[in-house]
Every structure is written in C-alpha cells, then in structure tokens.
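None of the figures in this text is laboratory data; all of them are computed from the coordinates on show. Because the structure is predicted, anything quoted here is derived from the model rather than measured. FYI the Cβ positions are ideal-geometry reconstructions off the backbone, even for glycines, and counts take in every protein chain you see.
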Amino acid sequence: MTVLVIEGGGKGNKALQSRLREGFGELIRRSGVATRHQIVMGGGRGDAWVEYQRQHALGHQVLCLIDSEHPVLGEDPWAHVKRHEGWERPAAASATALHFMVQLTESWFLADANALKRYFGQTFVVPGNIETIDKAKVLAQLKTLAAASTKREYDKGRDSHALLKLLDPEQIKQRSVWASRFFDALKH
C-alpha cells in the first residue's frame, strides 16, 4: 500500500482534514484507481512536507500532493521545491513521488464546468489550461461564482471537500499535465 500525503486541512483541524480525505478519496475512486492508498492529510504545505518525510523515514512508499504555489511549466517538481523552498528530495524518494495541484487545489475546480454548475448553480467557461492561472485569479473566479449563488461566498473549509467529490478526473487531466501525471502515478 502506498501512503498519499496531501496538503490541506490546516494545522490541527481534524474535522476539515477528515472531510478533505473523504473528498480526495472520492475523486481518486472516480478516476478508476482502486482504493489501495492510505490518504494522510498533511495540513499546511510545510506540515505536509514534514509528514511526507516522516512517512519515508517509516519506510513507506509515499506520494506527495501539494500546491506548487508558483507556475511550474516544464520544470521538474523536485527542482521546483528546491528553488522555492530549499526542500531536498529524500534519498528514498522516487523522481515521480512529488505531485502538484498546480498553484493551489482550487485550480482543479476550474477544470470542470459541470461540477461548478452543480455546486454553485452558475455557468462557467472553463479555461484551456488551468496551470497558467494565477492563484489570485483562481480564487477571484470562485468568489464570483459563489457571490451569484446561494453560497454567497467561497469558503475553503465549507466548499473544497464538497467540490472535490463532484469533480470529473478526466476534465482535470485534460487541462493539467500535472493532474494527468498524478492520476497516472496512482495506477502504479
């Protein structure tokens, strides 16, 4: 079994981490991957990195899924985190163990117009490549959708896990090479 450490849920917010674990689990299940991964919500980005290293130290096979925080077009993920965070690839980690949700998890939401319509009740025109959209613009798009709905505002704690459950993995993969890379890695 592979341990999948995912950024999200904040530090010590067990209830939110549980909901996000459920949301990611549903998204992964709908991608056609058998549930043979133990999902560990790592909290914030730095905390997820610490948990990733801890799981390696325990001898587990580990994949890590975090926000890239910056554009990663054409860059090796390990080089990206070294350049931006100073993080070194653990000796036991494979070259394909680190994965990105593009700049932030919410980028994936913009890939699936049907999920956004079901959740917010608003039509949304999906951009071609979600990887190039700045974090502030992603959040602004969600804020606009929510403002015109009964939700009134986008709330990460309330909305992110529910949206994860609605997403079509194929839509995400079509608009992000990083998502495609992640879902392919889950199959091995």
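Here are a few things to note about the model shown:
- The orientation-averaged projection of the convex hull spanning the C-alpha atoms of the stretch 54-116 amounts to 5.2 square nanometres.
- Rg followed by Dmax, in Å, when the stretch 136-186 is reduced to its Cα trace: 13.1, 37
- Exposure here means at most 15 other Cβ atoms within 10 Å; with GluC sites (Glu not before Pro) in a DSSP loop as sites, the longest stretch of the chain lacking them is 1-74.
- Estimated translational D of the stretch 30-188 in µm²/s (Stokes, Kirkwood radius over Cα pairs; 4 °C; 1.567 mPa s): 78 µm²/s
- In this entry, the stretch 1-46 is assigned a mean projected area of 3.1 nm², taken as a quarter of its C-alpha convex hull surface.
- Pairs of Lys residues in the chain are counted when their Cα atoms are under 20 angstrom apart and they lie 8 or more places apart or on different chains; the count is 22.
- Amide H within-cut-off set for THR2, under 5 Å, with H built and near neighbours excluded: GLN38
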